[in-house]
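*Asks:* Sharing a structure, written as structure tokens. Questions coming.
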Amino acid sequence: MSANPYVAEILGELKQAAEQLDDGQAELLASRIGEARKLFVAGAGRSGLMAKAFAMRLAHLGLNAYVVGESVTPPIGEGDLLILATGSGETRSLVSMAEKAKSVQAAVAAVTIRPESTIGRLADLIVRLPGSPKEQAGSQAATVQPMGSLFEQTLLLFFDGMILRLMKRCGHDSAAMFGRHANLE
């Protein structure tokens with residue numbers, strides 16, 4: 001069987017997911033990003049990969065953006081924003097990051113399926129994305145995809161949409177961003 005029917009089904013799920021996104025939450029996150037001194041992003045597993053892609057684009061915009069855990073990541077502090085990408089909102093390492101950020105008066109944004117989660121309760125700002133947490137995917141009609149795939153794909157698209165929103169706010173275009181692209185590759 002061709003892969004096309006599967007891709008079409010995934011795209012259909014992503015279209016439904018996109019229709020559920022709250023533009024007010026996205027606008028609030030964009031505002032907080034614009035106000036922050038430094039931006040820190042983190043996630044675990046595939047969500048972490050989507051967060052890293054987002055941090056890269058934030059840096060291409062000229063913002064002080066860092067991936068938590070990298071050797072060149074500075075300390076977080078007051079006036080900074082930690083953005084956590086977490087389907088469940090319960091990943092222990094991310095909960096610890098949120099608690100640490102709060103203890104030094106940094107703001108926390110959670111991009112999650114579960115606003116009522118531990119990280120959701122710690123967050124100053126929540127963006128709810130649709131999807132099934134990886135431990136429940138397949139048990140609900142929300143997705144035919146395995147584990148947390150729908151959330152992770154929606155996360156990447158949401159973050160890319162956030163970059164477009166920020167580009168418009170800053171008056172940047174792709175050419176300006178390319179000037180900040182790595183050149184030692």
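The values are calculated or read from the model by the stated rules, or taken from the named source; none is laboratory data. Model, not experiment: these values are computed from the prediction. We place every Cβ from the backbone using ideal geometry, glycine too, and count neighbours over all the protein chains shown.
*Asks:* Can you list residue pairs whose Cβ atoms sit under 9 Å apart, with the first residue in segment 19-37 being assigned to a loop (DSSP other than H, G, I, E, B) and the second being surrounded by fewer than 12 Cβ atoms within 10 Å (Cβ to Cβ) and not polar (S, T, N, Q)? Count only pairs 6 or more apart in sequence or on different chains.
*Replies:* Pairs found: ARG37/GLU78.
*Asks:* Moving on to the next point. Being farther than 19 Å from LEU28 by Cβ and not hydroxyl-bearing (Ser, Thr, Tyr) is the filter here; which residues of segment 78-104 pass it?
*Replies:* GLU78, GLY87, GLU90, ARG92, LEU94, VAL95, MET97, GLU99, LYS100, VAL104
*Asks:* Here's another thing I want to ask about it. Kindly provide the set of residues from segment 69-93 that are aliphatic (A, V, I, L, M) and more than 13 Å from the chain's Cα centre (by Cα), ordered by number.
*Replies:* Once the filter is applied, which keeps residues that are aliphatic (A, V, I, L, M) and more than 13 Å from the chain's Cα centre (by Cα), segment 69-93 yields VAL72, ILE76.
*Asks:* Right, next: Can you find a residue that is modelled with pLDDT of 95 or more and assigned to a helix (DSSP H, G or I) anywhere in segment 3-18?
*Replies:* Checking segment 3-18: not a single residue is modelled with pLDDT of 95 or more and assigned to a helix (DSSP H, G or I).
*Asks:* Let me spell it out: the conditions are (1) surrounded by 14 or more Cβ atoms within 10 Å (Cβ to Cβ); (2) modelled with pLDDT of 80 or more, and GLY77 meets all of them except one. Which number is the exception?
*Replies:* (1)
*Asks:* Suppose the filter is among the hydrophobic types (A, V, I, L, M, F, W, C) and at positive phi; does MET147 pass it?
*Replies:* Yes, satisfied.
*Asks:* Just need a number here: residues in segment 38-68 that are buried (at least 17 other Cβ atoms within 10 Å of the Cβ) and in a loop (DSSP other than H, G, I, E, B).
*Replies:* Total satisfying the criteria: 5.
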